[in-house]
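For reference, the structure discussed in these notes is given below.
Throughout, read-outs are computed from the coordinates displayed, never taken from laboratory work. All of these numbers come straight from a predicted model, not from anything done at the bench. Reconstructed Cβ throughout: ideal geometry from the backbone, glycine too, with neighbour counts over all protein chains shown.
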Amino acid sequence: MKVGELLREYRRAAGFTLEDVAHRAGTDGGNLSRIERGDQQPSVDLTRRLLLSLGVPYQAFFEKLDQDEGKITHMTDPRLVKLQANYKLLDKEKRDLLLDFSDLLIKRK
């Protein structure tokens, strides 16, 4: 399941319209619609605001994404959860940069 699909699932389960959630998250219904359809990826900040407006804990959301992809993770450190969430929102080029940067940090020990 993709980020947008899961957001739609939570929104519908809560009984909210696109406009309800978009307004509460500080965006517009068209933007949220594109995200739910998978035409656009939300920024980390917008994802956070959408989850807050839906009352969905950040960690629970990304654990559900992992489970739906067949990758069950058991991370208790919130920093790891946030790092994984941020990584998933990056395009391939930025993911590669992040990995290169982490390699550089490890080598600097």
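If you go through region 1-21 and keep only what is over 12 Å from the mean Cα position of the chain (by Cα) and part of a helix (DSSP H, G or I), you end up with ARG8, GLU9, TYR10, ARG11, ARG12, ALA13, ALA14, LEU18, GLU19, ASP20, VAL21.
Of the residues making up region 10-21, those that are surrounded by 14 or more Cβ atoms within 10 Å (Cβ to Cβ) and under 20 Å from PRO57 (Cβ atoms) are TYR10, ARG11, PHE16, ASP20, VAL21.
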